[in-house]
Amino acid sequence: MADPVPDTSASTIFVLNGPNLNLLGLREPQIYGTDTLDDIAAMLEDRARDLGLTIDMRQSNHEGHLIEWLHEAQAVGARAVLLNAGALTHTSFALYDAMRAITTPVIEVHLSNPVAREEYRRHSFIGMAAWGTISGFGATSYLLALEATARI
């Protein structure tokens, strides 16, 4: 009898990126740095491999996609979600509700430190539903969040 195929979903980390993050490396590099989303994905995949994890990296400029992906993370039994919702962080009750509706841990990630920026960026609906927030360390914020997921 053949061995059953192991369930690897528990080792999968969804990395969800919201509006305008497809422009990383080009958009305001003095704030967001020069790393592209592909650079961040490669960095995460390398570290995830060392941790025995896999990365499922996605980006959309549409709020509904992010919500559907949060639901999918729950449905497939993903270990956690790293979410950089971009500007939706400060405006989206729908993402907040989606995060509250699932039991999969969600860690809020930001390249910059929103608290040190414009007043309207200082409130995070996402943060109110997240297990934790890591921000202000550029692309390293994603790595720190990945390290945290390896420990939950």
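Filtered by the rule that a residue be open to solvent by 60 Å² or more (accessible area, probe 1.4 Å) and within 14 Å of the chain's Cα centre (by Cα), the stretch 49-60 gives a lone residue, THR54. Selection within the stretch 119-131: residues that are small (Gly, Ala, Ser) and at pLDDT 95 or above. The member of this set that is nearest to ASP46 (Cα to Cα) is ALA130. Remark: pairs (first residue in the stretch 35-52, more than 15 Å from LEU16 (Cα to Cα); second residue assigned to a helix (DSSP H, G or I) and at pLDDT below 95; Cβ separation under 8 Å; 6+ apart in sequence or on different chains) = LEU51/ALA150; GLY52/SER11. Taken over the stretch 84-115, the residue count meeting the criterion of being hydrophobic (A, V, I, L, M, F, W, C) and part of a helix (DSSP H, G or I) is 9. Taken as a whole, the condition of being modelled with pLDDT of 95 or more and not basic (Lys, Arg) does not apply to ASP35.
Keeping to the stretch 63-95, report how many residues are open to solvent by 50 Å² or more (accessible area, probe 1.4 Å), touching a residue at least 40 places away in the same chain (Cβ under 8 Å) and out of contact with any helix residue (DSSP H, G or I) (no Cβ under 7 Å at 6 or more places or on another chain). So the count comes out to 2.
The values are calculated or read from the model by the stated rules, or taken from the named source; none is laboratory data. This one's a predicted model, so the numbers in the text were calculated from it and none came from an experiment. Glycine also receives a Cβ, built like all others from the backbone with ideal geometry; neighbour counts cover every protein chain displayed. Ligands, DNA and RNA are stripped out before the accessible areas are found, and what is left, the full protein with its side chains, is counted by its heavy atoms. Shrake-Rupley method; radii C 1.70, N 1.55, O 1.52, S 1.80 Å.
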